[in-house]
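Structure, as structure tokens:
The values are calculated or read from the model by the stated rules, or taken from the named source; none is laboratory data. Note that this is a predicted model, so its numbers are computed, not measured. With ideal geometry, Cβ positions are generated from the backbone for all residues, glycine too; neighbour counts draw on all protein chains shown. Side chains included, ligands, DNA and RNA excluded: accessible areas come from the protein's heavy atoms. Shrake-Rupley method; radii C 1.70, N 1.55, O 1.52, S 1.80 Å.
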Amino acid sequence: MLKSLSTIMVFLPSDTSQINKMLHITSVLCSLGIALAAPSAVDPGYHCRPGQKCWPSLQEWQQLNQTINGHLYQTIPMGAPCYPNSTYYDATVCSAVEVEYNNGISRGSFYGQTYWPNWEACGASGCSLLSPDPEETLYSTCSLGRLATYYVDVRNASHISAALQFAKAHNIRISVKNTGHDFFGRSSVPNSLAIWTHNLKTLDFHQNFTAYNCPSANGQNVGEMGAGVIAGDAYRFFNSHGMDITGGYEESVGIAGGFGQGGGVGDYTTTYGLMVDNAVEFEVVTADGCTRIINECNEPDLFWAMRGGGGGTFAILTKYRVQLYPSLPISTYNFVATFTSTNATQQQTLRKIMTAHANNQIAWSAELITGQVDYSTQGVSADLVLPYSDDGSKLKAATAYFSQVMSNLTEVNIIQNNYTYFATYTDYLAFSAADAVATEPAGIFSLLASRLMPSHLFSSPETVDSLINGVIDGMEKARSLGLKRVGAQIVSETPVSTPDNNYKTSALPAWRDALWHVIHVGEWYEPLAPAVLEKATNGFLEMLEPLKKLTPGGGAYFNEAHYGEPDWKETFFGVNYEKLLEVKNRYDPTHIFDCWKCVGWRGEQE
């Protein structure tokens, strides 16, 4: 029902023979392995805006629409049917939007939204609804905010090639989007032509895989996903073949997009590594409009760059081929409690739990236990996970001491303290999906600040104290910022089993020695006053300072960090940045692919 809101642009017939001819020539040259040279290696800025002389005429938009088989759409914000003064107001459709507004999977299937509405808005303009009361609107009028003016609903690679050619001809910015599950707003760019890959939904399983012109990449049990496949669909499809994929726990994420190109962490990361560690082959469209199959033999530098260097930066991915593994049972330990004591005692209890957590982390990582513990000043929620072929005994033995510590706490109200066994990952999905609704709800405003914490910090009581002081100091800072909900997630989904000594991926090297991925989270339900938002944004940067002092030369996960990070090149890419930039400049010399603090980012003025 939500898809019906995206009305296709209806155009008069026009002559598209020249465009089709050019696309045919491009296709032939690419198939011969000949890259089309860019008209100029100078970055033109791609700064044409609606209303300017450079902006395409109606007839030119018509021509593009016909060239891509009618898949050009005008962006309509998801909330538009609920604004009485909107052209698209429709009470019946609005009712359907209200029902699905906070559902992550439903939001992702609609172009005119982002998972977190702060990335839809641009200053005081936007078209969000008031969550959790969607019948109320946030703005006096509905506007596009940060959303693209037009988007191409991509169904094949030729649609991407045509969109790139059109954008170059008219000096228009390109944005790339899958689900909008994006903490940086990289996929929402105002006044742009968006390439929406969400409907590239193919799934395939290759028990015996033959890589393109690369015998060394041949193998068994390789999964193939279109760029728009979401995690839950991938888990269920590959599980039907007795296989698991190294995805995340939130099933609405498009795992082949920014997730699968920027790292990719989840419940299997401790066992099999990051998702980029398991990438075998990509199909992509490069800036010159060519469709390429890349792997360790063909365009190896581009393949390396897209294995950790981020999505929407080097090329547009259409298919992702990844190593799969035989399905394992999933065991979990779950502890949920609220604090019942005064503020001073609450902090003592918080410190006691966090210390027990840190003191067990080296042993848990050695056992490949993953999961996360959510801390707040109100309570704690622990979800520890182990994919392992037993009856749950290994996880119970490894967490017995921690479970006993939790059971003996006197200053808490224990809501849950138990172990659960799931025969397959798809059985586990119902639990993880419910958990994600609580920890990563869709349709609300969100701000993150994070840091990867290396193993040496867990080796002595002194360094453990410094680590915990840093986390708690950040939590105390967050309480003063005027947000609805604040807390710290400590995630142990780190690639401890895959050191990547040969640098086969471009993932941030700080991942390889990290045991904790500490994330400070702030959430709110309606736009903040500019001064309050600025205070919160600056405060979330300041709260990282204690953790940064403990980790000189360290970094943060590119997909889950603070969007205002000033030292972003070192923090997100480390020593890989210069090589990533060289690959970027080689494959995208005019920087038609540009996104916030991605490799080769033009800067805030854009």
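Results, tabulated for the structure shown:
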item	result
Residue that is least open to solvent (accessible area, probe 1.4 Å) [pool: residues in the stretch 510-521 that are over 30 Å from residue 482 (Cβ atoms) and under 19 Å from the mean Cα position of the chain (by Cα)]	511
Criterion (assigned to a loop (DSSP other than H, G, I, E, B), open to solvent by 10 Å² or more (accessible area, probe 1.4 Å) and of a type outside the set (Val, Ile, Thr)) met by exactly one of 283, 296	296
Filter result for the condition that a residue is over 23 Å from residue 364 (Cα atoms) and out of contact with any His (no Cβ under 6 Å at 6 or more places or on another chain), over 446, 407, 403, 450	446
Selection from the stretch 327-356 of residues that are part of a loop (DSSP other than H, G, I, E, B) and within 26 Å of residue 496 (Cβ to Cβ)	327, 328, 329
Odd one out for residue 345 among (1) out of contact with any Leu (no Cβ under 8 Å at 6 or more places or on another chain); (2) under 30 Å from residue 586 (Cα atoms); (3) of a type in the set (Val, Ile, Thr)	(2)
Selected residue [within 30 Å of residue 253 (Cβ to Cβ), among the small types (Gly, Ala, Ser) and open to solvent by 10 Å² or more (accessible area, probe 1.4 Å)] from 70, 126	70
Residues that are in contact (Cβ under 8 Å) with a residue 12 or more places away in the chain and open to solvent by 10 Å² or more (accessible area, probe 1.4 Å), drawn from the stretch 90-114	93, 94, 96, 98, 100, 102, 103, 104, 105, 106, 109
Subset of the stretch 150-172 [assigned to a loop (DSSP other than H, G, I, E, B) and either of a type in the set (Gly, Ala, Ser) or open to solvent by less than 20 Å² (accessible area, probe 1.4 Å) (or both)]	154, 172
Verdict on residue 428 being open to solvent by 70 Å² or more (accessible area, probe 1.4 Å) and farther than 28 Å from residue 564 by Cβ	no
Every residue from the stretch 173-199 that is on the phi > 0 side of the Ramachandran plot and surrounded by 24 or more Cβ atoms within 10 Å (Cβ to Cβ)	180
Complete set of residues in the stretch 357-374 that are of a type in the set (A, V, I, L, M), assigned to a helix (DSSP H, G or I) and open to solvent by 10 Å² or more (accessible area, probe 1.4 Å)	362, 363, 366
Residue that is farthest from residue 197 (Cα to Cα) [pool: residues in the stretch 225-242 that are open to solvent by less than 20 Å² (accessible area, probe 1.4 Å) and out of contact with any helix residue (DSSP H, G or I) (no Cβ under 7 Å at 6 or more places or on another chain)]	238
Of all residues in the stretch 431-463 being of a type in the set (Phe, Trp, Tyr) and part of a helix (DSSP H, G or I), the one that is most open to solvent (accessible area, probe 1.4 Å)	431
Qualifying residue in the stretch 308-319 (condition: over 21 Å from residue 154 (Cβ atoms), buried (at least 20 other Cβ atoms within 10 Å of the Cβ), under 19 Å from the mean Cα position of the chain (by Cα) and at pLDDT 95 or above)	yes
Single unsatisfied condition, residue 264 versus (1) open to solvent by 10 Å² or more (accessible area, probe 1.4 Å); (2) under 30 Å from residue 419 (Cα atoms)	(1)
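Residues are listed down the side, and each one gets a yes or a no for (1) open to solvent by 60 Å² or more (accessible area, probe 1.4 Å); (2) farther than 25 Å from residue 495 by Cβ; (3) among the β-branched types (Val, Ile, Thr):
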residue	(1), (2), (3)
381	no, no, no
384	no, no, no
399	no, no, yes
405	no, yes, yes
412	no, yes, yes
419	yes, yes, no
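Yes/no matrix, rows are residues, columns are (1) more than 11 Å from residue 492 (Cβ to Cβ); (2) in contact (Cβ under 8 Å) with a residue 24 or more places away in the chain; (3) among the aliphatic types (A, V, I, L, M):
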residue: 344; (1), (2), (3): yes, no, yes
residue: 361; (1), (2), (3): no, yes, no
residue: 369; (1), (2), (3): no, yes, yes
residue: 373; (1), (2), (3): no, yes, yes
